[in-house]
Structure formats: structure tokens, C-alpha cells
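A quick write-up on the structure given underneath.
Laboratory data are not the source of any read-out in this text; all were calculated from the coordinates shown. Being a predicted model, the structure only gives us computed values, none of them experimental. Quick reminder, even Gly has a Cβ in these numbers, built from the backbone with ideal geometry, and neighbours come from all protein chains shown.
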């Protein structure tokens with residue numbers, strides 16, 4: 001009697017085939033994720049100037065910090081990439097130095113720090129093959145600090 005003729009043999013063969021298929025799917029998914037990450041990082045570098053302009057437009061429209069207007073935004077050269085642990089979302093953390101001015105209807109004496117350059121981190125997200133931003137900035141931290149504090153993200157080698 002051939003071992004494949006038994007129920008045990010069929011079960012073993014089924015488990016082996018399913019295990020190999022699962023491993024193949026994992027390897028393909030990992031390869032796709034690596035290719036997508038590399039493409040995303042390359043795309044960010046190519047479109048960075050346009051993304052920065054969009055960021056400043058959105059951030060200044062958000063009105064944050066309240067009663068202050070965005071006067072100047074200096075972009076730092078380095079970019080730190082992270083990936084969402086659960087979402088898989090690729091995120092770019094870019095250092096910025098921002099200077100504000102007091103809105104016309106506010107008293108400048110109430111905001112003595114407005115004219116100082118403030119360090120911050122601008123966030124950009126890569127979703128469905130496109131980079132975008134909501135104009136969100138974290139102040140008083142570096143890109144590495146922001147990545148560390150966002151516990152749902154892990155660093156990506158760039």
C-alpha cells in the first residue's frame with residue numbers, strides 16, 4: 001500500500017503543500033513591500049519640493065499654533081522614514097525650522113516667542129502609490145524623536 005493512499009498520507013501532503021504555499025505568499029508579500037518602500041522613498045525625493053510647498057500651504061491654513069501666522073519655513077536636508085507597524089503606511093519625517101508672526105488682530109506682546117525659529121518635524125504619508133500631507137507638524141523635536149515617540153511606527157532603512 002502506498003503511503004499516499006492512506007488518510008494520514010493525504011493529510012501530511014496537504015499540510016506540506018499548504019505550508020509551502022503560505023511561505024511563498026509571505027515571501028512575495030515581503031518582496032512587494034520592499035519594492036513599494038524603495039519606490040516610495042525614491043518618489044519622495046523626486047517630489048519633495050512640491051510636497052514641501054503643499055505642506056506649508058496646509059499647515060498655515062490649519063491655524064496652528066493659534067493666533068500665529070506662518071512667516072517662514074526652513075527645510076532641513078535629511079529625511080527619516082518610518083513604517084506603521086499595523087498599517088504598513090510609509091511615513092517621511094522631515095526636520096523644519098518655522099518662524100511665526102502674530103496675526104494682525106493680536107497683541108504681539110502676548111507672543112514674544114513668535115519671531116523665534118522653532119524646531120519641528122513635518123509629516124508626509126505614502127498611500128496607494130502617492131505621497132501626501134495633512135500639514136501636520138510636531139514642534140520641539142527632531143525627526144528621530146518623532147519616530148521614537150510615534151509608538152505605532154518603526155524605522156525604515158533609507
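Side notes on the structure shown:
- Applying 0.36 nm per residue to the separation of residue 16 and residue 78 and subtracting their alpha-carbon distance, the gain on full extension is 17.6 nm.
- Residue order, fewest to most surrounding Cβ atoms within 10 angstrom, among 93, 100, 139: 139, 100, 93
- Angstrom value of the Kirkwood radius, inverse mean 1/r, which spans all Cα pairs in segment 47-155: 14.5
- Label-to-label distance, residue 128 versus residue 36, with points set 7 angstrom from Cα along the beta-carbon direction: 1.3 nm.
- Per-residue Cβ neighbour rank within 10 angstrom, fewest leading, 125, 153: 125, 153
- Segment 47-155, relative contact order [Cα under 8 Å, separation at least 6], %: 29
- Label-to-label distance, residue 45 versus residue 6, with points set 7 angstrom from Cα along the beta-carbon direction: 5.8 nm.
- Ordered by the number of other Cβ atoms lying within 10 Å of each residue's own Cβ, fewest first, 77, 54 fall into the sequence 77, 54.
- Extension gain, residue 71 back to residue 101 (0.36 nm per residue minus Cα-Cα distance, nm): 10.2 nm
- Förster radius 30 Å - calculated FRET efficiency between residue 115 and residue 145, Cβ distance, rounded to 0.05: 0.80
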